[in-house]
1. Please rank A:Glu221, B:Glu49, fewest neighbouring Cβ atoms within 10 Å first, as an exposure proxy.
2. Using Cβ counts within 10 Å as a stand-in for footprinting exposure, how do B:Leu224, A:Leu10 rank, fewest first?
3. Sequence gap at least 6, Cα distance under 8 Å: using those rules, report the relative contact order of chain A to the nearest whole percent.
4. Normalised by the empirical 2.2 N^0.38 Å for globular proteins, what value does the Cα Rg of chain A take?
5. Which residues among the range A:3-38 fall inside the zone where the amide N is under 19 Å from a point 7 Å beyond the Cα of A:His106, along Cα→Cβ?
6. For the range A:3-161, with only Lys/Arg (+1) and Asp/Glu (-1) charged at the beta-carbon, what is the dipole magnitude about the Cα centre, in debye rounded to 20?
7. Taking the simple approach of a point 7 Å from Cα along Cα-to-Cβ for both B:Arg226 and A:Cys92, what is their distance in nm?
8. Let's see if you can work this out: charge +1 on each Lys and Arg Cβ, -1 on each Asp and Glu Cβ, no other charges. What is the dipole magnitude of the range A:176-235 about its Cα centre, in debye to the nearest 20?
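Where a number appears in this text, it was derived from the coordinates with a stated rule and is not lab data. Owing to the predicted nature of the structure, the values given are computational and were not obtained by experimental measurement. As a convention, Cβ positions derive from the backbone with ideal geometry for all residues, glycine included, and neighbour counts pool all protein chains shown.
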2 protein chains.
Amino acid sequence: MNLENIRVVLIETSHPGNIGATARAMKNMGLKELVLVNPKYFPHDNATERAGGADDILANALIVDDLKTAIADCELVMGTSARERSLPWPSCDPRQAAEKISPVSHQANVALVFGRERTGLFNEELHVCHWHIIIPTNSEYSSLNLAAAVQVICYELRMTDMITIPLQEQFEWATADEMQAFYCELEKVLTHIKFYKPELPRQLLPRMQRLFNRARLEKNEMTLLRGIFAKILRTTVNY
Amino acid sequence: MNLENIRVVLIETSHPGNIGATARAMKNMGLKELVLVNPKYFPHDNATERAGGADDILANALIVDDLKTAIADCELVMGTSARERSLPWPSCDPRQAAEKISPVSHQANVALVFGRERTGLFNEELHVCHWHIIIPTNSEYSSLNLAAAVQVICYELRMTDMITIPLQEQFEWATADEMQAFYCELEKVLTHIKFYKPELPRQLLPRMQRLFNRARLEKNEMTLLRGIFAKILRTTVNY
């Protein structure tokens, strides 16, 4: 994924706050290029306020007269739509869209086109698009806020961008060997305080194993627990 | 996924517009239950305006005084965090979070906890959580708008809802309330045997919290562990 080659196009946005929130959503996810087709009010204080620290994206936003100009140099155009249209079009969810965009973005410009707050994209605008992205929603209440839709799609782009980067393991886990030694000590302590009675085992030891195996013990945690065991052994009266 | 068992908890929200936008994001994705911990302004016109058609969620929102009350009956608590903390906690991205939440949501309440606009969740709030959800962002501009974060996570819940088949849960898990009582007893025991010294805490209690939250305690396991604690208290010399 090359996020810098992916542009967000907003068509005839009514609420400047949505333009600001779009800029913020884009910058959070690593996108930079915003194109506004006939915004109703722009620049505007509400846009700047909702943009937070993404005012650079607003400052660099390009304002144009029509969609054709906004997407002229793009090889892949994805439109957003709240529902299936009368003329069915190739459509996908945001995750599938990110998968389609990823290879293209390395060598060409890609446009994500978002329609008006109330009426979305018109049919002739939708027909310019290669794909329609449909964000899955509650069928009883499906109208997503404009900037929320931008956020979801940009998030999927970033997720797809990251999938190749392995998640870093932050813990050092105990080995099976160490776990074995740990359970021996646990048994010793439980026997010592007479909570565990070998003649009446009640599955106590397997239950403890199930619990600590489920957690997976970090080496540091095991050291702490063994410290607690030692302390109990030293302080109990073995009556 | 049972979206109706998943609650969104917003802590000390400053901007009522964010509460409204949260309600809209929730309803779009099929969630219903909103709990507000000490909101600065609520109800408020900005909340109603940004909620759009999700004003029913605002009307039914529960307002409480502290996080403890908000999550008392939840068996799985996921906190949102913008970064790794000094004491690393089990963390996951929103997609992994949705996978973890899905099976639990069929039989128990789940809480998604979101912090303050500027300062997020405090450490003691993060330590109550089983997992921290970290939304991947641009490292140069990582502060997501509150409602945008809610939108992304609720979207992932819906996506997972569309893909997964419920797993049969075979355990009865402890609630957050019960876990709280458990940690109080653990602290008492560790103090009693002088392993824990309040003047030199060394993050011992959060480490224990992290371990047992990660495992998730079954009610039976908790009973066993509390039995062990009681036995230790009875058999140790408080020198």
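1. Least to most surrounded, the residues fall as B:Glu49, A:Glu221.
2. Listed from fewest to most nearby Cβ atoms, that is B:Leu224, A:Leu10.
3. Result for chain A is 21 percent.
4. 1.62
5. Residues passing the 19 Å test: A:3-7.
6. 200 debye
7. Between B:Arg226 and A:Cys92, the label points sit 5.3 nm apart.
8. Using only the charged Cβ atoms, the result is roughly 260 debye.
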